[in-house]
Every structure is written in structure tokens, then in C-alpha cells.
Amino acid sequence: MTDFTDSKNFDWLYRGISEIFPHQPKSDQIEENLEQLCLKAHRPLRVKLGIDPTGADLHLGHSIPFRKLRAFQDAGHTAVLIIGDFTAQIGDPTGKDKVRQQLTAQEVQENAKTYLEQLHPILDFDSPEKLEIHYNSQWLAKLDLAKIQELLATMTVQQMLAKEGFNERYQKENPIYIHEFLYPLMQGYDSVAVQADVELGGTDQKFNIAVGRDLQRHFGQKPQFGVLLPILIGTDGEQKMSKSLNNYVGLKEEPLSMYSKLEKTSDALLKDYFELLTNLPLDELPENPRESQKLLAVEIISQYYGKQAALNAQKTALEIVRKQNMAAATSVPQFSLAEVQFPAKLSYILGASGLVKSSSEGRRQIQGGSVRLDGDRITDINLSFETVEELTGKILQVGKKKFIRLVNFII
């Protein structure tokens with residue numbers, strides 16, 4: 001068995017987390033922090049993550065807590081995966097301004113099967129001592145009215161209404177159904193059933209995880225720690241990743257589709273995506289944003305399909321861009337570089353060519369990510385070229401509809 005006292009480097013634990021609660025300073029007191037619990041337990045911790053299979057597909061945003069669960073596995077702890085086949089039929093009210101549509105048992109079972117298939121590249125399914133899979137209908141379906149009454153008696157209506165989603169709906173006078181109050185209690189009871197030491201979840205799950213702590217106390221168990229992880233911003237750079245918003249990268253998507261989306265990740269999201277979706281050292285990433293985008297795409301695809309498939313997707317994507325540029329080159333206007341004095345900044349060439357009104361607007365377009373040179377997005381507003389040969393024959397693009405071909409002769 002792993003000697004957990006040998007593991008004193010907790011980079012794997014702290015990478016990409018938003019909060020660990022309760023937080024205790026490092027000390028020798030009885031009240032331990034999570035590091036001390038890892039070191040003093042001399043046994044694998046039981047690390048719970050619950051998922052409600054309310055849909056068929058998972059995306060990269062869903063992968064974040066599972067990646068953290070794998071980090072616990074790699075550190076020698078036991079992943080306790082709860083398939084919420086019972087709670088999914090109620091529906092998590094978190095973040096909803098109206099009641100969720102209730103699913104049938106058959107729909108939940110079908111979704112659960114596809115979820116597990118998609119999680120195989122992330123979790124270690126080959127070591128039985130590192131992974132337990134439970135369906136919460138095993139214990140929740142057996143609760144009688146007396147036990148349900150006991151659960152309900154652990155919380156007040158005021159405490160329930162303190163939950164953000166419920167409070168917002170109450171203020172707007174939107175209906176709140178009594179069965180929805182059961183969700184956080186049943187989800188919390190899962191922690192009692194599996195005797196969890198730690199529970200993982202998104203930042204929107206803090207209330208539910210805290211309910212689990214309260215119920216463990218009620219039933220005479222030591223309360224679990226909560227580890228909260230960020231909600232991933234989608235490919236639009238604005239809202240959380242969601243299939244309904246079409247700003248997602250699905251775990252089942254073909255490599256070429258994944259690459260085409262990930263190679264366009266905005267500069268503002270690159271650091272978060274590397275931190276949350278890869279294990280690459282953050283201090284060794286390329287300085288060039290375009291190279292970072294390519295590396296990110298290849299690294300993530302490799303996790304799900306292997307390195308060769310990722311490189312093949314990259315090659316295919318490049319060939320598609322080149323063909324598009326070649327086709328565009330025959331129909332777009334040309335701009336002569338013959339009278340441009342080199343060295344010259346790209347922002348100047350954008351203005352001189354008429355693609356934008358001025359060099360200053362060119363800098364703004366570059367900064368906004370709208371400028372491409374032969375298909376590669378340019379983000380350096382100070383990018384300069386020493387000779388005309390560096391640009392001759394290339395396609396300069398602003399947005400989706402403005403193209404010019406750069407030539408080295410008088411038109």
C-alpha cells in the first residue's frame with residue numbers, strides 16, 4: 001500500500017482549484033487541513049464525485065472535476081464515483097430559474113452508460129482499489145418515509161432558501177416545488193452512504209457539498225472536505241461552456257473537430273485551459289500565442305485519441321487552411337509591397353493596403369484577434385518584417401470577409 005507520508009508535494013492537489021473548505025492553517029491541532037489529512041491518514045482517502053446523467057454527452061467543462069479525481073487516484077487515493085441515477089430523476093436545481101424536466105429511469109440508465117464510456121480516457125478504470133462506482137439508487141430507493149423525514153428535519157426552509165437558485169426563484173415568485181428541496185439532502189446523503197473523506201465539485205456545488213458535511217455530522221461521521229473547481233468558460237470566451245450555447249468541445253468529437261475549435265482558443269483563455277485541461281508545466285509554455293494554441297489542441301486531443309491522432313488532425317487542419325487560402329488567392333485583390341519601406345510593421349501594412357483605415361486601427365484589429373496571415377492568427381501588435389520576401393505571396397486577412405494577397409511587383 002502507498003505510504004502517504006512520502007508524498008509531500010501537493011502541486012497536484014492545488015493546481016486549478018478555486019477553494020478547499022473548511023480551510024485550516026497548517027498546524028498540529030486536531031482540526032486538520034486537507035494536506036495533513038492526506039499525510040496522516042496512512043490509508044487511501046475516499047474521494048467522492050457525483051454525476052447526474054441528465055444528458056448523453058460530456059464536454060471539456062465536465063472533464064475538470066474528473067481530472068482532479070484522477071489526480072487523487074494517481075496520488076494513491078480511492079476515487080468514489082457516484083452515478084446519480086436516482087437524483088437525476090429529481091434534477092439538480094442549481095443554477096436553474098425553473099424546475100428541471102424529470103427524466104425516466106430508462107433515460108438515466110442510457111445516459112449513464114455513455115458517460116462512463118467517455119470517462120475511460122480520464123480515470124484509471126484498471127485498478128479496482130483506486131475506483132469504486134456506485135449508483136445512488138442502491139441506497140436512496142430504499143429510504144422509507146421515516147428516514148426521509150429524518151433527512152428533512154436536518155434543514156430549515158430558511159436554509160434551503162439561502163441556496164442561490166432557490167432564493168432567486170423565490171424573489172421572482174417563480175415556482176419552487178417541494179421535491180426540489182430533496183435534491184441537496186439526497187446528494188448529501190450520498191456522502192454518508194460512501195463515507196466520503198473528500199468531495200469534488202464545481203464552484204456552484206458548494207451548498208450541496210456543505211449539506212453532505214452536515215449530514216455526515218448528523219449520522220456520526222467525520223465531515224468531508226470540499227474541493228471546488230472552476231466553471232470552464234466556453235470557446236466564445238464569455239459564457240460557461242455549454243452545449244446549448246454551442247461554445248463547447250465535446251469529449252466524443254472527432255479529433256479534427258476538436259482541433260479546429262481548440263486552435264482558435266482566445267489568448268485570454270489559454271492559461272486557464274492549460275491549467276485546467278492539461279498537466280503541462282505552466283512555466284514552460286510557448287511565448288508565442290499561436291504556438292500555444294497549437295500545443296493546447298494537440299495535448300488535449302492526445303488525452304482522448306492518442307498523440308498520432310492529434311498530429312494527424314493538426315496536419316489535416318493545416319492542409320484545409322492552405323487550400324482555402326489558395327482558392328481565395330485567385331479571387332481576392334492584390335496589394336503591392338514594392339513601394340513599402342522595410343522593415344515595416346504589420347499594423348502599417350494593414351492600413352496601407354486599405355484592409356483597415358489606419359495603422360492604429362490595424363493594431364486594434366490585431367489585439368482583438370481578427371488578423372490572420374496565411375491562416376495563422378496574429379496577436380503581436382508590434383510584429384514587424386525585415387524584408388519584403390517574408391510577406392510575398394501570403395494572404396493577409398481581417399475578419400472573415402476581407403482578404404488581400406501580398407505581391408512584390410507594381411500592379
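Return the tail of the calculated pair distribution for the chain, meaning the percent of Cα-Cα pairs more than 33 Å apart.
On the way: 38349 of 84255 pairs.
Roughly 46 percent, once rounded to a whole number.
Nearest 20 debye, what's the magnitude of the dipole of the chain about its Cα centre given +1 on Lys and Arg Cβ and -1 on Asp and Glu Cβ?
1100
Percent antiparallel among DSSP beta bridges with both residues in the chain, to the nearest 5? Don't skip to the answer; put the middle values down first.
On the way: 16 of 37 bridges.
Looking only at bridges with both residues in the chain, the antiparallel portion is about 45 percent.
Under the rule a/c < 1.5 gives rounded, and otherwise a/b versus b/c splits prolate from oblate, where does the range 255-329 land using the Cα gyration tensor?
Oblate.
Just to be sure I follow the definition: excluding the sites themselves, where is the longest run in the chain that has none of the GluC sites (Glu not before Pro) in a DSSP loop with at most 14 other Cβ atoms within 10 Å? Display every interim value, and only then the final one.
Numbers: sites that count: E31, E173, E238, E287, E339, E386.
Free of exposed loop sites, the longest segment is 32-172.
Where does each of 81-89, 220-228, 206-214 land if you order them by average Cβ count within 10 Å, highest first?
81-89, 206-214, 220-228
Which entries in the list K294/K401; K163/K264; K240/K394; K48/K240; K130/K264; K40/K142 go over 32 Å, if you measure between the two C-alpha atoms of each? Numbers along the way, then the final one.
Values: K294/K401 24 Å; K163/K264 37 Å; K240/K394 36 Å; K48/K240 24 Å; K130/K264 36 Å; K40/K142 35 Å.
Result: K163/K264; K240/K394; K130/K264; K40/K142 exceed 32 Å.
Specify the inter-centroid distance of the range 248-300 and the range 181-204, based on alpha-carbon positions, in whole Å.
Comparing the Cα centres of the range 248-300 and the range 181-204, I get a distance of 32 Å.
Since every read-out is calculated from the coordinates, none of them should be taken as a lab result. No experiment lies behind these values; they were computed from the predicted model shown. Here the Cβ is made from the backbone with ideal geometry for all residues, glycine too, and neighbour counts use every protein chain on show.
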